[in-house]
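Q: If you scroll down you'll find the structure; I have some questions about it.
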Amino acid sequence: MSTPPYMHIPQFRSFVDMKDYDNIRQVFERNYIAEGPMGREFCDALTAITDAKHGVLASNGTLAIYLALKSLGIGPGDEVLVQDVSFIASANAIEMVGATPVFVDIPSPRDLTIDLDRIKLTPNTRAILIAHLFGTACSNTEDVVAYCKANDLFLIEDAAQALFITNGSQHCGTFGDVGTFSFYADKTITTAEGGYVCTNDDDVFERMTFLRNQGRKSSGTFVHPEIGYNFRMTDLQSALGLSQLSKIETIRAEKQRIAELYKKYLGDSVGYMTIREDFDYIPFRVIVFVPDASKTMEHMNTAGVEPRSMFYPFHRQPCYKHLGYRPEDFPNAEVCFETGICLPTWIGLTEEQIAFASERLLETL
Ligand SMILES: *Cc1c(COP(=O)(O)O)cnc(C)c1O
């Protein structure tokens, strides 16, 4: 193949502007830069959005999952079932509380959730962790809820990529016992680094408030009734978060426009991930499936377009080699990885850029 035309299109660019900057300025003017009034306002805003009974901020999305698991009392000796395809933090937070992550295949190569039919319960199984990926809900959310109820398991929802995703009445992260969110630079809204945890359970909330702030209810005392740590977020970050929240309608509209444009240019030549019609969709990345993802990505890269691979399945991770999983037990995750591609999806991407990226992709089919 001759050298393709060139146009640099990065995988991601954060959507931050001078309006965000002005909001951070306020924090300097007030001279309260650690967690304080802005943090409370941001946390309350998130709890209003998720419509959960309680919420707390966390330093990032990984520690948000850790906080969720720890507050549920999950630890050494416990097993937590997790879908084999997600960002590594979904598995690592389980390992971090001392429990064992148990990987379960996805139901089909384009359906990114846990396959309930492949679960093997043991006397140590305590919980299921699902991840609502790429800006929509797990396709079998209600079934997972029912399964957890029937088998007396906790349900943790990693909703890092699912802020503002509801089915019209219920927000992702509130179907199970605890929901966790991330505000990393490429999430729907960002605070650079940051996280949030929500729950409807009073006791879990109580434990989270102690754990996140050195084992005490509030700062200013050196008496610590419990052992806790530091999962706080700064007001600098919360100010950014509040400003980002005010832009959500632009973010939603822009990301949906990008997904529609990819669909316009790629049509039926590629496959798409399973997306439920009854849930909101704010694409985190537009995901498409092609026969040979690595071949397609290589060609796109040569043309200046930066695609990204699908998540590397947990069962294949070098860091989890000691768990002894075999690829043949994860046929769907294998195909998902070999065929899935994350396309550049960021605010400001022009139709010309989307057409260019799509053309380069189509050249490989
Ligand atoms: C981003 C992300 C996390 C981790 O969040 P951080 O804030 O980066 O620690 C966890 N799970 C999923 C699905 C994510 O996308």
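Nothing in this text is a laboratory measurement; each read-out follows from the coordinates by a stated rule. Keep in mind it's a predicted model, so treat the numbers as computed, not measured. We place every Cβ from the backbone using ideal geometry, glycine too, and count neighbours over all the protein chains shown.
Q: Normalized C-alpha radius of gyration of region 145-218, against 2.2 N^0.38 Å?
A: 1.22
Q: In the chain, what % of DSSP beta bridges are antiparallel (nearest 5)?
A: Looking only at bridges with both residues in the chain, the antiparallel portion is about 55 percent.
Q: Place the peptides 242-250, 76-84 in order of packing, highest mean first, counting for every residue the other Cβ atoms within 10 Å and averaging per peptide. Walk me through the numbers before you get to the answer.
A: Details: 242-250: 16.7, 76-84: 21.1.
My ranking of the peptides, most packed first, is 76-84, 242-250.
Q: Sorted by average packing, counted as other Cβ atoms within 10 angstrom per residue and highest first, what order do 327-336, 24-33 take?
A: Taking the mean over residues of other Cβ atoms within 10 Å, the ranking is 327-336, 24-33.
Q: Related question: Return the lysines within reach of Lys70: Cα separation strictly under 22 angstrom, same-chain partners fewer than 8 residues apart disregarded; answer none if there are no such residues.
A: Lys53, Lys149, Lys217
Q: Rounded to a whole number of µm²/s, how large is the Stokes-Einstein D of region 80-133 at 25 °C and 0.890 mPa s, given Rh as the Kirkwood radius over C-alpha pairs? Mind showing how you got there, number by number?
A: Values: Rh = 11.3 Å.
The calculation lands on 218 µm²/s.
Q: Enumerate the amide H contacts of Ser309 below 5 Å, restricted to partners 5 or more residues apart or on another chain; note that Pro and chain-start residues carry no placed amide H.
A: Close amide H contacts, sequence-distant or interchain: Cys342.
Q: What list of ³J(HN,Hα) values in whole Hz, one per residue of region 102-117 in order, does the Karplus curve 6.51 cos²θ - 1.76 cosθ + 1.60 (θ = phi - 60°) give from phi, with Gly and Pro shown as x?
A: 10, 7, 10, 4, 8, x, 7, x, 10, 10, 8, 8, 7, 8, 4, 6
Q: Find the relative contact order for region 1-118 and round it to a whole percent, using C-alpha pairs within less than 8 Å whose residues are 6+ positions apart.
A: Across region 1-118, relative contact order equals 16 percent.
Q: Only Cα pairs under 8 Å and at least 6 apart count here; give the relative contact order of region 197-337 as a rounded whole percent.
A: On the way: 94 pairs, mean separation 15.9, N = 141.
After rounding, I find 11 percent.
Q: Give the peptides 185-191, 195-201 in descending order of average Cβ contacts within 10 Å, highest first.
A: Working: 185-191: 20.4, 195-201: 25.3.
For the peptides 185-191, 195-201, the packing ranking is 195-201, 185-191.
Q: Given the convex hull over the Cα atoms of region 112-184, what projected area results after averaging over all orientations, in nm²?
A: Taking a quarter of the hull surface, the average projection is 5.0 nm².
Q: Along each principal axis of its Cα atoms, how long is the chain end to end? Whole angstroms, biggest number first, please.
A: The principal-axis extents, from largest down, are 70, 55, 37 Å.
Q: Now, a different point. When the convex hull of the C-alpha atoms of region 231-350 is computed, what volume per residue in Å³ does it have?
A: So the per-residue hull volume is 190 Å³.
Q: Based on the Cα coordinates of region 304-365, what is the per residue volume of their convex hull in Å³?
A: 112
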